[in-house]
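Quick note: the coordinates plus some simple rules give every number you see, no bench work behind them. The structure presented is a predicted model; accordingly, all values stated were derived computationally and were not measured. Cβ placement follows ideal geometry from the backbone for every residue including glycine, while neighbour counts extend to all protein chains displayed.
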Amino acid sequence: MINYLFLKRRLAFVSLIALASMMGEVDSNAMKKGDDTDDEIPLLKPGQKPAKAEDNKADKPAQVQKEKQAPRLEEEKPAKKAKIVRQQMEPADNEEPLDAEQQFQLAQMYRAEGDQEAAHQYYEKAAAAGHKLALRELGSLKYNENGTLDQHKEALQYFEESAKKGDLISKEHAYKIQIDCADALIKKDQIPQAIQWLEKAETTSHSPKLQVQIAGLYKSMKNLKNATVWYAKAVVFLGSDDAEDTNAAIEATRTLGEIFLNGEGGLEPDAEQAIEYFGQAAAFGDTVSQQHLDKLTGNK
């Protein structure tokens, strides 16, 4: 027995693939205007003159008119193509509901048509079923609404959920939002809240530059205990192949030396510990650490 629902959905899906490859593509026929209208040049009899171009025009209007009356699908505008495919995909009242992938594709079709409300509804349906790309699209829509901190937080939830399902692009978006939120809070002098966002971002990037920034914020709050912990995380990157990571690690190492040298934040001065950190940083070319080292060891 023929499964007509399956055939209908299959036809729509094949049309969708074809549409995706055509959207935004320049029609090659337009680039070759006139190539398909050249007639074969007839052989001339002795003494016969070539016919003028106007002599052959009478044979062409009917053919041209017929071609204009039957435009091909690939000649339609993207929004019209999307509507054709979308209408093929939408289930009738007596058919089975769409699965998450079909809901996502319908959302894409509505978006191509410019119907953002319908697109959003189908994105939500697909996202509720765990579709990672639908989650990413909802995050992007929310992020681009008007850029408030609250909306960034809502967008972050979608991106994080998509990232958990393996979407690397959503993971990158989530990291960017976390940094943006932290920067906004730093400008408002809300340092503790900013640190929370940065620490969350660090779990994704493990960046020594970010670790040094977190340590610096703790240091500005006179919390040397947490500051030294974060500086120590960055020190591990000394000698990294990445120059930016190495520079961050050198800064962290030198700063730890200065903290132990001066006994900052209630810590007892520890010259031996300071010499150790200055020596590590100086070994990677840090001139400030070398100067500290020379003073502490009596070298000139």
The residue that is surrounded by the most Cβ atoms within 10 Å (Cβ to Cβ), considering only those in segment 277-300 that are of a type outside the set (Gly, Ala, Ser) and within 8 Å of residue 257 (Cβ to Cβ), is 278
Among the residues in segment 186-200, are any under 21 Å from residue 120 (Cα atoms) and in contact with a Leu (Cβ under 7 Å, 6 or more places away or on another chain)? no
Subset of segment 213-236, residues under 26 Å from residue 185 (Cβ atoms) and of a type in the set (A, V, I, L, M, F, W, C), comes to 214, 215, 217, 221, 224, 227, 229, 230, 232, 234
Note on segment 227-275: residues assigned to a helix (DSSP H, G or I) and among the hydroxyl-bearing types (Ser, Thr, Tyr) are 228, 231, 246, 253, 255
